[in-house]
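The values are calculated or read from the model by the stated rules, or taken from the named source; none is laboratory data. Owing to the predicted nature of the structure, the values given are computational and were not obtained by experimental measurement. With ideal geometry, Cβ positions are generated from the backbone for all residues, glycine too; neighbour counts draw on all protein chains shown. These accessible areas exclude ligands, DNA and RNA; they are computed on the full protein's heavy atoms, side chains included. Shrake-Rupley method; radii C 1.70, N 1.55, O 1.52, S 1.80 Å.
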Amino acid sequence: MLKHAIPPARFFSQTPNDIIRHPRLNGTAVRLLQWALSLPDDSRETIQSIGEKMPEGRLAVRKARRQLEEEGYLHTRRTQDPETGRWSTQVLVSNVALKTEAEIAAAFGTVPPTDQDPPVGGVTDQAVGASTFGENTEEENTPNPAAEPAEPAEREAAAFLARLGDHTPSLRLGAGEVARLTPLVARWLESGATEADLRQAVTATLPSPVKSAAALIAYRLKARTPAPRKQVERLGECAECRDPLPRGTGEGICRRCAGLGPASTPTPTPTPSPSVLTALKGRDLCRLVLRPVE
């Protein structure tokens, strides 16, 4: 087999041959791992966001992630902050298989678990069943508290952004991104736009792939802000006969009730007999029922 390979001058990643030739990892798993390893250290991409950009499909990516976990190239760990009580999830990808707890803990930068009983450490004076953080309150038990939007438009905007990823996975947003974009969506809603208008403005003709959902949504909401809809002017009513007043007249009485116009007596429309009502069908019956009352 002949090989022609030109070494790239920049923007390249080195992948061990053990991964490329792995007998149990399929092509999707190898590509998913290579993609994750090629990202810079400050990247905000996740395994889920990478999988959404891959053409293999959600089920194939899910199977690939399971293979990487089984072979020791992908590890997930949930930790709780001892001061705030908040939980966080860390995902570790490695270009070598990590099998033992010591290897995994070292890669995460934590202390590996010990088999010593009791664990290494001095004896504390803590009483059995007592909390190390003092009195347990309801406020402390609430993980990841989020400020509830005060205005109805902001609540509706936050709800729209939160479920946007259910319809368009490439536009799935995090909690912080939802909070930053909520004022922009609320401005649309206050101008009279509907949720259908918002969805059309945000999701129409999306690029492939979507590199930053939050940046794309912010750009489109700012560039396509709709003009405020004109409010329909309500006509006033005559205080005597309740007929509509001329446009621009807020209140008062009409010309007829003021004695300035001819008094016209409307001709009552005869009520059809029951036999006629029975014979009417469809459009003719609707016109009769919906006729204005005189």
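Annotations
- Nearest-10 value in Å² for the accessible area of Glu240, using the 1.4 Å probe: 130 Å²
- Two-site FRET efficiency, Val96 against Thr168, from Cβ-Cβ distance with R₀ of 35 Å, rounded to 0.05: 0.45
- Converting phi to 3J(HN,Hα) with the Karplus coefficients 6.51, -1.76 and 1.60 and the offset θ = phi - 60°, region 173-178 yields 10, x, 4, x, 5, 4 Hz in sequence order, with x at every glycine or proline.
- Ranked order, Arg44, Arg77 - accessible area, probe 1.4 Å, largest first: Arg44, Arg77
- Pair Asp81, Lys3: separation of 7 Å Cα→Cβ label points (nm): 4.8 nm
- At R0 = 41 Å, FRET efficiency that the Cβ-Cβ distance of Ala159 and Arg31 yields, to 0.05: 0.70
- Glu237 contributes about 100 Å² of solvent-accessible surface, heavy atoms of the protein only, 1.4 Å probe.
- Using 0.36 nm per residue and subtracting the Cα-Cα separation, the extra length available between Ala105 and Leu206 on full extension is 32.3 nm.
- Accessible surface of region 163-203 [probe 1.4 Å, protein heavy atoms]: carbon and sulfur percent: 52 percent
- In terms of its C-alpha gyration tensor, region 164-209 has an oblate overall shape, because the principal axis ratio a/c (a ≥ b ≥ c, square roots of the eigenvalues) is not below 1.5 and a/b does not outweigh b/c.
- The listed residues Asp81, Asp166, once ranked by accessible area (1.4 Å probe) with the largest placed first, stand as Asp166, Asp81.
- Accessible surface of Thr46 - all protein chains present, 1.4 Å probe, nearest 10 Å²: 70 Å²
- Sequence ranges 179-186, 84-91, ranked by mean other-Cβ count within 10 angstrom, highest first: 179-186, 84-91
- Model label points for Glu56 and Asp42, set 7 angstrom from Cα along the Cα-to-Cβ axis, are 3.0 nm apart.
- Each 5 Å bin from zero up to the one holding the largest Cα-Cα distance in region 1-64 carries the following percent of pairs: 3, 14, 23, 20, 21, 11, 5, 1, 0.
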